Amino acid sequence: MEHDYKKIGLKIGLEIHQQLNTRKLFCDCPSILRNDEPEYTVERTLNPVVGETGEIDVAAAHEKMKNKTFIYQVYDTNCLVELDESPPGKINIDALKIVLQIAELFKCKIFPITQVMRKTVVDGTNTSGFQRTVLVAHDGYVETGEGKVGIETIALEEDSARKVSEDEKTKTFKLDRLGIPLVEITTKPEIYSPGQGKEVALKIGEVLRACNVKRGIGTIRQDVNISIKGSKRVEIKGFQDTKMMVKTIDTEISRQEECVENGECKNEVRGALPDGSSKFQRPMPGAARMYPETDVPLLKISRELINEVKKNLPKLVSEHKSYLSEFGLNDELVKLILKQGKVEDFKTLSKVIESPELIAKSLTLFQKEIARKEGKSLIEVNEILNAHVLEAILEEVGKKISKNDVRTVMQKVVRGEALDEAMEKSDVDLREEVEKLVREKPGLSTGAYMGLVMGKFKGKVSGKEVADVLGEVLF
Amino acid sequence: MKTKTFAPGDRVALQTKSKLWKGYVLESHDSEVILLKLESGYNIGIREGEILDAKVLEKAKPKEKKEVVLEKNTKLKNVVIIITGGTISSRLDPKSGGVIPTDAEDILNIAPEIKEICNVVKIDTPFMKFSEDMDPKDWRKLAETCEPYLNDESVDGIIITHGTDTLHYTSVALSFFIRDLNKPIAITYSQRSIDRASTDAALNLICSAEYATSDIAEIALIGHKNSDDKSCIAMPAKRVRKLHTSRRDAFKIVNDTPLAEITSGKIKILKTFNARSNKKPKLDTKFQEKVSLIKVHPGQDPSIIEYYEQQGYKGLILETTGLGQVPGKSSSTNWLPKIKKAIQNGMVICATAQTIYGRLNPNVYSSGRELQKTGIIFLEDMLSETALIKLGWVLGHKNWNPKEKMLENVSNRLDKK
């Protein structure tokens, strides 16, 4: 399947949807997915919408929708807005700020005045019969090894309801996902090879992950538009994983080449399959039918808001990486800090003490170890040993405690000791000493270690304390 | 500025510092902002000051008004639709961005099933108003619009579409104004505009058509039974109230039960009703507009009654607390003397319940008994809005005894159970 992409006139455009990690876009409901039993259900129908210019055959549209009933499962994390029983509230400002961040990171131009639109959707995925969407920015770009790829638009929109089941007469949906804010990033058809397509997808993904977006399967959806010379644009939907992108595009090129040969090219929407092929879903819909959401005012994005966003732009993983590497940290520690989202904490702590490795370990490895030893979850330990606590401990290095004591103090704090108490010199040295001893003279009996330690501290510590510490270290 | 000549619907090109924008001009409520529909369908706003150059590419074409031929099936009954305004009667014109009134085509497009239920022989539009802007003159005008259709034997029923806010006032007014009703009048509404696929107008209109072709010669408010698009109920005109700002089932029957439950193709009668007849309906639209409604609340100064007297008011409905109380002798704002004085001066004052649900009973507490002594008329379980309109209608008749009439079951349906 070797293709000369230039010769065949390959053009690719990406459309990426990513859920944002905020409450819902037009109400204050939490963006929580539910797998338990719903509180109740409502039954609805959708009606043919009066055509804009008569280009839509209302009678036919109606015939299609007739007798289709939609059942919506409602939870206590839903309100009347998702039920289409109340007008939308104000647009979620946190979601808007995240989209503005993303727009800035792609060097887009921001629309100072824009209008929330209703995009007609009558398959039941929206209780209202439309999806709310608003253009936020335009004309940015992504740098790739093969040149700049333009970002056409960035929009903020509502996610749809989740389909649970379908039969001939009814479709059932959950209302939990409906209204979760999504950013939609649409590139220009300026991608000229599958590899470049993958690179753009990864670059966009990197920017998204630097911002406050939801993580995990189902939170990002990627669609690819593909055409070659003589064929028509085909949209392939539903990539969960960029790994399959190159193969899928290549397979689609071969399919389109065949279409061109047989003279039977069609604009269509296809679904990506796990093996890299794709399956016909439906013909390409006409231009989106959009009309204004008259229940919310024009969205005016002020200079002040844009400046505020610009001041707080998140760093990309690649930037963080080089920043952390400059401190001479090894790859493993850099990776851990990035993975656990501790870059900001690292920055704060590096102002307290000039010991990057110790800071990095305190933020990552030590906490993991303590969690394991104390039988607590890492999340819990992270919470106890937050940046403020670590700052207080590290400030005492070279004063009350030594570098070697940091891990022990952290562990004591996790156990519930007050900071001052945990930094008491004798205790700290005791533990350090015991560990050192066990390392240097492995395999001795507990009694033997006990004797050695008691001898060393000469009455400064009680036998019980030593036994406790020994118990921990040895088992 | 060149944009001054722009009209909604014009296709234009606007040069700004960042880009050349092409699209359709929309109606804008901000004179500083040009609202533009882009080719993608999205709307954006561009400030006048940012426009470097502007050009009209194509002038808007005036919309051709298609004359809808109302087909007639001799097997079906004939219904007249009267449109008065409100959400159900207007839709957004996506081309211009403005709001335009509904026409016959729109109504039949929302609910094509209507054509299988009845012949829509006429669509009449006496006025187009938001219901919050209506007054007693509009109620009279609406009754007068109905009259010829009620007396036209070829018309079997009437559907009135109306804004929701004061729909329950209009339904009461019509049921007092139209005497000897001989055919069904359905009054209906929508809470979700008709330009969206989820509009509740479709089911409400279909069920109204079913009602208008039924044998129930009564005025009923037809609307969603609950949040489902499954069935509507026919609510007695004087026993109904808007009890939610936005839900589909905003209207609820108070102190009564539905006349019928209606689904597409089926009407289930739930109680005895006045049947279709050959009676000749008459209008009695005399109305005293100097009547008002006061909600009594703790700490309120009763001299509000004197204000109404000074303004020439002839009647007041007091929405009283609980079983029928107002702040009394032991209160710092004793209402009793002022009520008594106003009644002695000739004002008619009636009491209703601000609890909305339930019946007044002034005999339970001493404060109720004290209030009774002022000469106030306790209106049992009548809704305050119904009471207000009934009072205006009763006082519009100089020779009637107000107390007798207020307590009389003047209309076809009993005011009391």
- [ ] For A:K279, go through the aspartates and glutamates and keep the ones whose alpha-carbon is under 12 Å away, minus same-chain ones fewer than eight residues off.
- [x] A:E235, A:E252, A:E268
TODO: Quote the charge dipole size of chain A about the Cα centre in Debye, to the nearest 20; the model charges only the Cβ of Lys and Arg (+1) and of Asp and Glu (-1).
DONE: 560
- [ ] Please report, in Å, the Rg and the Dmax of segment A:221-335, where both are computed over Cα atoms only.
- [x] 22.0, 60
Task: Calculated diffusion of the protein assembly as shown, Stokes-Einstein form, Kirkwood radius summed over Cα pairs, 20 °C and 1.002 mPa s, µm²/s - done: 64
TODO: Give the relative contact order (percent, whole number) for chain A; include only Cα pairs under 8 Å separated by 6+ residues.
DONE: 15
Task: Of B:K137/B:K282; A:K300/B:K19; B:K341/B:K373; A:K174/A:K243; A:K107/A:K300, those spanning more than 21 Å from alpha-carbon to alpha-carbon - done: A:K174/A:K243
Open item on the list: Give me P(r) over segment A:127-240, computed from all C-alpha to C-alpha distances, binned every 10 Å, as integer percentages.
Closed with: 11, 37, 33, 16, 3, 0
Task: GNM result for chain B, Cα springs below 10 Å: residue of B:H162, B:H244, B:H29 fluctuating most strongly - done: B:H29
Task: DSSP-defined antiparallel bridges as percent of all bridges, the protein assembly as shown, nearest 5 - done: 70
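For B:H397 and B:E32, what is the calculated FRET efficiency with R₀ set at 56 Å and r taken between the beta-carbons, to the nearest 0.05?
0.50
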Open item on the list: Could you order the peptides B:197-209, B:102-114 from most to least packed, using the average number of other C-beta atoms within 10 Å per residue?
Closed with: B:197-209, B:102-114
Open item on the list: For segment B:315-393, which chymotrypsin sites (Phe, Trp or Tyr not before Pro) pass both filters: DSSP loop (anything but H, G, I, E, B) and at most 14 other C-beta atoms within 10 Å?
Closed with: B:Y357
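Only sites in a loop by DSSP and with at most 13 other Cβ atoms within 10 Å count here; which GluC sites (Glu not before Pro) in segment B:123-222 make the cut?
Taking segment B:123-222 and a limit of 13 other Cβ atoms within 10 Å, the loop GluC sites (Glu not before Pro) found are B:E153.
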Open item on the list: Among B:D301, B:D124, B:D256, which one shows the highest mean-square fluctuation when chain B is modelled as a Gaussian network with alpha-carbon springs under 10 Å?
Closed with: B:D301
Task: Restraint check, A:K266/B:K59; A:K119/A:K188; B:K129/B:K238, Cα-Cα greater than 27 Å - done: A:K266/B:K59
Task: Cβ neighbours within 10 Å from other chains - mean over A:114-120 - done: 5
- [ ] Could you point to the residue in A:I370, A:Q18, A:P181 farthest towards the positive end of chain A's charge dipole, with +1 and -1 charges on the Cβ of Lys/Arg and Asp/Glu respectively?
- [x] A:I370
Task: Rg to Rh quotient for segment B:30-167, alpha carbon positions, Kirkwood Rh - done: 1.11
Task: Hits among lysines - C-alpha to C-alpha of A:K339 under 19 Å, sequence gap 8 or more where chains match - done: A:K203, A:K214, A:K315, A:K321, A:K347, A:K361, A:K368
- [ ] Determine the gain in length on full extension of the stretch A:L273-A:E319; use 0.36 nm per residue of separation and subtract their C-alpha separation, reporting nm with one decimal.
- [x] 13.1 nm
Task: chain A: calculated mean residue ellipticity at 222 nm from DSSP helix runs of at least 4, using -39500 (n - 2.57) - done: -11500 deg cm²/dmol
Open item on the list: Just to confirm the number: angle between the C-alpha axis of helix A:446-457 and the first principal axis of chain A, 0 to 90 degrees, nearest 10?
Closed with: 70
- [ ] Work out Dmax and Rg for segment B:274-380 from the C-alpha atoms and quote the Rg first, both in angstrom.
- [x] 16.3, 58
TODO: Sum -39500 (n - 2.57) across every DSSP H segment of at least 4 residues in chain B, then divide by the residue count to get the 222 nm mean residue ellipticity, nearest 500.
DONE: -6000 deg cm²/dmol
- [ ] Please provide three numbers in whole Å: the alpha-carbon extents of chain A along the principal axes, with the largest listed first.
- [x] 97, 56, 47
Open item on the list: How large is the Kirkwood hydrodynamic radius of segment B:2-58, counting all unique pairs of alpha carbons, in Å?
Closed with: 11.0
TODO: Starting from one equal scatterer on each C-alpha and no solvent at all, send me the Debye-based log10 I(q)/I(0) for segment B:77-283 at q = 0.09, 0.11, 0.15, 0.17 Å⁻¹, two decimals.
DONE: -0.29, -0.43, -0.85, -1.13
- [ ] Send over the semi-axes of chain B's equivalent ellipsoid, whole angstrom and largest first, taken as the square roots of 5 times the C-alpha gyration tensor eigenvalues.
- [x] 45, 30, 18
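Read-outs: derived from the displayed coordinates by stated rules, not from any lab. All of these numbers come straight from a predicted model, not from anything done at the bench. Every residue, glycine as well, gets a Cβ built from its backbone with ideal geometry; the counts of neighbours run over all protein chains shown.
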